[in-house]
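Since the structure comes first, as structure tokens, the remarks are kept for the end.
The values are calculated or read from the model by the stated rules, or taken from the named source; none is laboratory data. Bear in mind that the values here come from a model prediction, so they are computed numbers and not experimental data. For neighbour counting, all protein chains shown are included, and Cβ atoms are generated from backbone atoms with ideal geometry for every residue, glycine included.
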Amino acid sequence: MLANMEKRTLLTVITEAVIEQSLLRDLEKHGVRGYTVSDARGRGSRGIRDAAWDEVANIRIEVICQRAQAELLLAHIRDQYYTDYAMVAFMVEIDILRGEKF
Amino acid sequence: MLANMEKRTLLTVITEAVIEQSLLRDLEKHGVRGYTVSDARGRGSRGIRDAAWDEVANIRIEVICQRAQAELLLAHIRDQYYTDYAMVAFMVEIDILRGEKF
Amino acid sequence: MLANMEKRTLLTVITEAVIEQSLLRDLEKHGVRGYTVSDARGRGSRGIRDAAWDEVANIRIEVICQRAQAELLLAHIRDQYYTDYAMVAFMVEIDILRGEKF
Amino acid sequence: MIDVVVLFFLFGLLAGLARSELKLPAALYESLSLILLLAIGLKGGEGLAKQALSPLLPQLGAVIVLGVLQTLIAFAILIKLGRLGRSDAAATAAHYGSVSVATFAVGANWLMTRGIDFEPQLAIFLTVMEVPALIVGIMLARGVSKDTDWRALAHESFLGKGVTLLMGGMAIGWIAGPEGLTPIKGLFYDLFKGALALFLLEMGLIVSRQIGELRKRGAFIISFGLLMPLFSGLLGLGCALLLDLSVGGMTLLATLAASASYIAVPATMRLAVPEANPALSLSAVLGITFPFNIMAGIPLYHYLAVQLAGAF
Amino acid sequence: MIDVVVLFFLFGLLAGLARSELKLPAALYESLSLILLLAIGLKGGEGLAKQALSPLLPQLGAVIVLGVLQTLIAFAILIKLGRLGRSDAAATAAHYGSVSVATFAVGANWLMTRGIDFEPQLAIFLTVMEVPALIVGIMLARGVSKDTDWRALAHESFLGKGVTLLMGGMAIGWIAGPEGLTPIKGLFYDLFKGALALFLLEMGLIVSRQIGELRKRGAFIISFGLLMPLFSGLLGLGCALLLDLSVGGMTLLATLAASASYIAVPATMRLAVPEANPALSLSAVLGITFPFNIMAGIPLYHYLAVQLAGAF
Amino acid sequence: MIDVVVLFFLFGLLAGLARSELKLPAALYESLSLILLLAIGLKGGEGLAKQALSPLLPQLGAVIVLGVLQTLIAFAILIKLGRLGRSDAAATAAHYGSVSVATFAVGANWLMTRGIDFEPQLAIFLTVMEVPALIVGIMLARGVSKDTDWRALAHESFLGKGVTLLMGGMAIGWIAGPEGLTPIKGLFYDLFKGALALFLLEMGLIVSRQIGELRKRGAFIISFGLLMPLFSGLLGLGCALLLDLSVGGMTLLATLAASASYIAVPATMRLAVPEANPALSLSAVLGITFPFNIMAGIPLYHYLAVQLAGAF
Ligand SMILES: Nc1ncnc2c1ncn2[C@@H]1O[C@H](COP(=O)(O)O)[C@@H](O)[C@H]1O
Ligand SMILES: Nc1ncnc2c1ncn2[C@@H]1O[C@H](COP(=O)(O)O)[C@@H](O)[C@H]1O
Ligand SMILES: Nc1ncnc2c1ncn2[C@@H]1O[C@H](COP(=O)(O)O)[C@@H](O)[C@H]1O
Ligand code: NA
Ligand code: NA
Ligand code: NA
């Protein structure tokens, strides 16, 4: 095994494109220093979301951080967004180098 | 740990853009209620796939569901598509909230 | 459990779009036979990267391979790119069929 | 005779209903809307460069009142007759109190095709009327609580893509004037109608997707989608009479009033009133009001404008 | 003198072969193809608006037979001489029995540039000839088994993007007529050749990628890609004589017959005959037939059309 | 009077500074730059078709020397006065020794708008001057070590998107000649200024993002961004005198020299000199030099060209 390998958690959130800016600002307020965003489309309990415009398009946000922080973020997201927005979030354990970065 | 956290499986399929509609219909027939799709390009045993048109472009489909269902889907995909289409599929264990959703 | 299921490692690299070609060539030199690329944007220690042009855009590269090879690739990437480029890389364990493919 | 741009809308609608695989690339749709917004702004600004700006201020006051009034009335109807919840009623009312750039473009095109002039400040009215309904809608949903992030809201309203492009286009048109604009007319004027045609093709596809949603919603929302623009159109005509606009200007202000927003308002409401169901408002606006206005409303408002102008 | 649009194709081809980093954004390529398809449809529809439609039906029957015939002959050649497997032969035959919109556009442009008229129904022929080869190809691969999902297939064939846009454009052109189209000619007519030039630039890049594949395939598939269009072009000329078309019409029907599909057919075949290797057909169609037709074929078919028209 | 295309730049800049949500789709930006590059190439090639090519070679030698000289001088200044590290100085110097297509387009537009002619080979100068600074910059950073992958570098330099499109456009323009280009002028010539306007709108947005970075960098880099183009502009004027260019040609060569690359060079340097900080060069080039050149530089270079042409 590589030396200095450490465990972190990857939190993935799939949600409405229209809240991208406000959700990212929100994550930053909760101490997130890095994230990755990509465009997506999909289907879920709130119907098909695959249009050319933000209101009916999805994004996928990924954050790598410590397990504890991921759980805090997930809890916050649940409280703040789950009722009103098309959203799915999940966590997975990953291996990284440069532990001080995340 | 967060209360109500549950384990699910994330099934990811990377394949030809041209079969998007028919594969999604197929998944729905097998009981999938939600999925996420994004565009991708890549290289594999069937060559480089990175063009502007569907025949030589890839997509990436993700489905969150119970482990058992993920295995059924994967087996079905293998039987139906592996021989004839550029395709890669894999599964990973994830943590989610709202277990009833998946 | 599905017969023939095997464990592999998914190595994900998020980095600057401008090095896509050279990084992919590099990976191929290290024995990678397949990969998937998609476009992304994000924020990290090197600032916000979300522009319309390659210099300030990100990509996300995924490679499925044996754990040992993934560690070799990761070590190579760290030595070659971590100092000079905006980059994040991580590994996760996955289940696949057709083990001979990866 | 139906305008050719409306034929493109019908084509998109039919293709969508027949479940054709036709789809416009998202970047094309965005590029077209950008060009249309700039072109409308440029044309308005160019017109303003030729006239005094002083009589404008009271006119702007009048159209702001018009937008607020529409929102309040729509809210009352949706609560009382429609028995919608407060949030849904407020959000939907905001859509109807605000305006639709696509509808404006079709109206302007209708008039231009028939050689009917209209005042350049209509482009300013379009810009100005986007915002008040938003703010009233949010206040109706939330009350004037301390919670509301007015800074963010002002940002959303005034610096959204649509308003920015209209204002920027107007400023450029005003500074450059008719002569200064000549070199870029090839793109912004000569291609305007072609761009509008393609844009409406996509609108037809979008509208076709609302039909299913609409079926679920039932008679009230359909009637509202039909009658509210008629009522707002009359309000708009009244306001236009007051402002002493030409027949073309009357028609276009009525069209503006009758139109309902489907871009700026839904995006802002999604953030400001998240508990409101976006599918509800959008199905009425896109499924009923937009098609009604561009196919039947505009000629009707023009007919009424001619009658009214004759009477006064 | 080579047409300027063909120079763009050669430029793309060379840039691709030199491994330049040149790449068109996918959305631009899709937007261009959308505009070209609509423009072809509009022009065809506009022409039809000026004439009686009744003589059209038998003509459509004739070009359908033409497409079916080409598919069957190509299949026989591929099986017998090329020793391809049944699925590969059927899929490739379907490509050659169907038509290519890009080739049609270059042919129409070639004629327009030289002031040679052609009948407006050629646009209808283009639309109609897309489909029969598809169906014959699938039947050749599968037999008429119960498995085939004909519903889905009909959907794929008639509601694919290309056919939808051609039919929609034709309907709009027919309803609006020459005058109704005037406002949108700035986009769809004046920019047609520029759009075609950019489109062919991307085609050149695409073709350059087929060369490697082609090398692997060897002499038979290269000869087939060269000789099949010649043969089909002759069939097309014969059919055109029968239909009593003008020289321009003859040239364009020969071009249509000689052309091979590289968009609609591959997409449908991928779903309907998945075991066929898509790289095989595409390398022949794109690597050989398309370049041959636009560079040498079209002038040749015109030369032959002039001779034939003189002889009869 | 400010050109209308520059008004679009200012609009984008202000919208960006006000943090508007305005954003151009990436595909539109790429499509516009593709069309501009092709159009510049076509126009240059068309001009060359009318004249002898033999006097060109020594001219090309001169502008190559001009580019190399600029790079070396910039490097010396950045190392000595700016106390930058070797890599940062070399990378930044390469940006300033190379050229900017957008600045060239604004300059050409400025001249055309005022009816001032310039020599067609300026488009060739633009193409040729992209490359030498790159190579010198890399040699300055690395020394001529065995490590450098010159093959890959040559590929990057000569087959990058920009150079490919300029050369392709020139070749097509040259082969087709003025008449052959007529059919595609609707897209490449008539829309040129509109496309440039939209392109500059995005440039304004991009520049607005550099302001924050620039604040961090302090006075030296800002002064360098202002004074280096002035100095290079003078060098360019001198070179133009030597080559006996017209006033328009002098202005445009000065503009070229004064301009700094923000597309080709950063991309190549990122790969060839990865340890250089890309934010440093880009903030100077985009935050200072580009805006200065298009707003104040071009008229200034023209003024100086007129004086010089009078004096000699
Ligand atoms: N089971 C699932 N698997 C993968 N993605 C999902 C699933 N359910 C929902 N999604 C994604 O999450 C978005 C919002 O989901 P929902 O809130 O259920 O409408 C959808 O548009 C999909 O992109
Ligand atoms: N080892 C791999 N790692 C990641 N992605 C892969 C791998 N192999 C194939 N792929 C992706 O799956 C697609 C189809 O693979 P294939 O069927 O091997 O051609 C490719 O175009 C890639 O996008
Ligand atoms: N903590 C993180 N979680 C997810 N993505 C990240 C994280 N940090 C950085 N990234 C991504 O990696 C890219 C490069 O990161 P950096 O080298 O830190 O600038 C960023 O632009 C993000 O897309
Ligand atoms: Na309204
Ligand atoms: Na054919
Ligand atoms: Na320079």
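Figures for the structure shown
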read-out: Failed condition for residue E:164, given (1) farther than 21 Å from residue B:52 by Cβ; (2) in contact with a helix residue (DSSP H, G or I) (Cβ under 9 Å, 6 or more places away or on another chain); value: (1)
read-out: Residue in region A:18-29 that is farther than 30 Å from residue D:27 by Cβ, of a type in the set (D, E, K, R) and in contact with a Gly (Cβ under 6 Å, 6 or more places away or on another chain) present; value: no
read-out: Some residue of region C:38-48 being within 12 Å of the chain's Cα centre (by Cα) and surrounded by fewer than 21 Cβ atoms within 10 Å (Cβ to Cβ); value: no
read-out: Among the residues listed as D:201, D:226, the single one being at pLDDT 95 or above, over 26 Å from residue D:88 (Cβ atoms) and in contact with a helix residue (DSSP H, G or I) (Cβ under 7 Å, 6 or more places away or on another chain); value: D:201
read-out: Selection status of residue C:48, modelled with pLDDT of 95 or more and away from ligand 4 (no atom under 16 Å from the Cβ); value: no
read-out: Residues that are over 20 Å from residue F:278 (Cβ atoms) and not hydroxyl-bearing (Ser, Thr, Tyr), drawn from region F:202-228; value: F:204, F:219, F:226, F:227
read-out: Within region F:138-234, helices (runs of 4 or more DSSP H) holding 1 or more residues that are more than 16 Å from ligand 5 (Cβ to nearest atom) and within 27 Å of residue D:183 (Cβ to Cβ); value: F:161-181, F:185-188, F:192-208
read-out: Condition check for residue E:259: in contact with a Ser or Thr (Cβ under 9 Å, 6 or more places away or on another chain) and of a type in the set (Ser, Thr, Tyr); value: yes
read-out: Restricting region B:68-102 to residues that are assigned to a helix (DSSP H, G or I) and of a type in the set (Gly, Ala, Ser), the residue that is farthest from the other protein chains (Cβ to nearest Cβ); value: B:99
read-out: Pair list, Cβ under 8 Å, 6 or more apart: region E:253-266 residue aliphatic (A, V, I, L, M), other residue within 16 Å of ligand 2 (Cβ to nearest atom) and outside any helix (DSSP H, G or I); value: E:263/B:53
read-out: Residue F:187 vs. criteria facing chain E (nearest Cβ under 8 Å) and in contact with a Gly (Cβ under 9 Å, 6 or more places away or on another chain); value: yes
read-out: Complete set of residues in region E:182-198 that are out of contact with any helix residue (DSSP H, G or I) (no Cβ under 6 Å at 6 or more places or on another chain) and in contact (Cβ under 8 Å) with a residue 40 or more places away in the chain; value: E:189
read-out: Long-range neighbours under 9 Å by Cβ, at least six apart or interchain, first residue more than 15 Å from ligand 1 (Cβ to nearest atom) and modelled with pLDDT under 95 within region A:8-22, second outside any helix (DSSP H, G or I) and of a type outside the set (Lys, Arg); value: A:21/F:21
read-out: Region D:101-127, subset crowded, with 22+ Cβ neighbours inside 10 Å and of a type in the set (Val, Ile, Thr), residue nearest to ligand 2 (Cβ to nearest atom); value: D:101
read-out: Test result for residue E:176, away from chain D (no Cβ under 14 Å) and away from ligand 3 (no atom under 16 Å from the Cβ); value: no
read-out: Count of residues meeting criterion [assigned to a helix (DSSP H, G or I), crowded, with 22+ Cβ neighbours inside 10 Å and small (Gly, Ala, Ser)] in region E:235-285; value: 13
read-out: Failed item in (1) over 23 Å from residue A:60 (Cβ atoms); (2) within 13 Å of chain F (Cβ to nearest Cβ); (3) among the aliphatic types (A, V, I, L, M), with residue C:51 passing the rest; value: (1)
read-out: Candidates D:202, D:213, filtered to the one that is away from ligand 2 (no atom under 16 Å from the Cβ), of a type in the set (Asp, Glu) and touching a Phe, Trp or Tyr at 6+ places or on another chain (Cβ under 9 Å); value: D:202
read-out: Residues satisfying the stated conditions in region E:54-84, i.e. among the hydroxyl-bearing types (Ser, Thr, Tyr) and under 16 Å from the mean Cα position of the chain (by Cα); value: E:71
read-out: Selection count where residues are modelled with pLDDT under 95 and crowded, with 21+ Cβ neighbours inside 10 Å, scope region A:55-76; value: 1
read-out: Matching residues in region D:85-100 - criterion: being surrounded by fewer than 24 Cβ atoms within 10 Å (Cβ to Cβ) and either under 19 Å from residue D:289 (Cα atoms) or within 20 Å of the chain's Cα centre (by Cα) (or both); value: D:88
read-out: All positions within region A:54-67 that are in contact (Cβ under 8 Å) with a residue 12 or more places away in the chain and within 11 Å of chain D (Cβ to nearest Cβ); value: A:54, A:55, A:57
read-out: Test: residue in region D:299-309 that is in contact with a helix residue (DSSP H, G or I) (Cβ under 7 Å, 6 or more places away or on another chain), part of a helix (DSSP H, G or I), away from chain A (no Cβ under 14 Å) and farther than 28 Å from residue D:58 by Cβ; value: no
read-out: Count of region F:11-33 residues which are crowded, with 20+ Cβ neighbours inside 10 Å, assigned to a helix (DSSP H, G or I) and away from chain C (no Cβ under 14 Å); value: 3
read-out: Count of region B:8-45 residues which are more than 14 Å from chain C (Cβ to nearest Cβ) and either within 16 Å of ligand 4 (Cβ to nearest atom) or not acidic (Asp, Glu) (or both); value: 15
read-out: Flag for residue F:266 being modelled with pLDDT under 95, within 16 Å of the chain's Cα centre (by Cα) and closer than 30 Å to residue C:25 by Cα; value: yes
read-out: Selection status of residue D:274, touching a Ser or Thr at 6+ places or on another chain (Cβ under 9 Å) and either free of Cβ contacts under 8 Å to residues at least 12 places away in the same chain or basic (Lys, Arg) (or both); value: yes
read-out: Residue count for region B:14-43, restricted to those that are within 25 Å of residue E:264 (Cα to Cα) and in a strand (DSSP E or B); value: 10
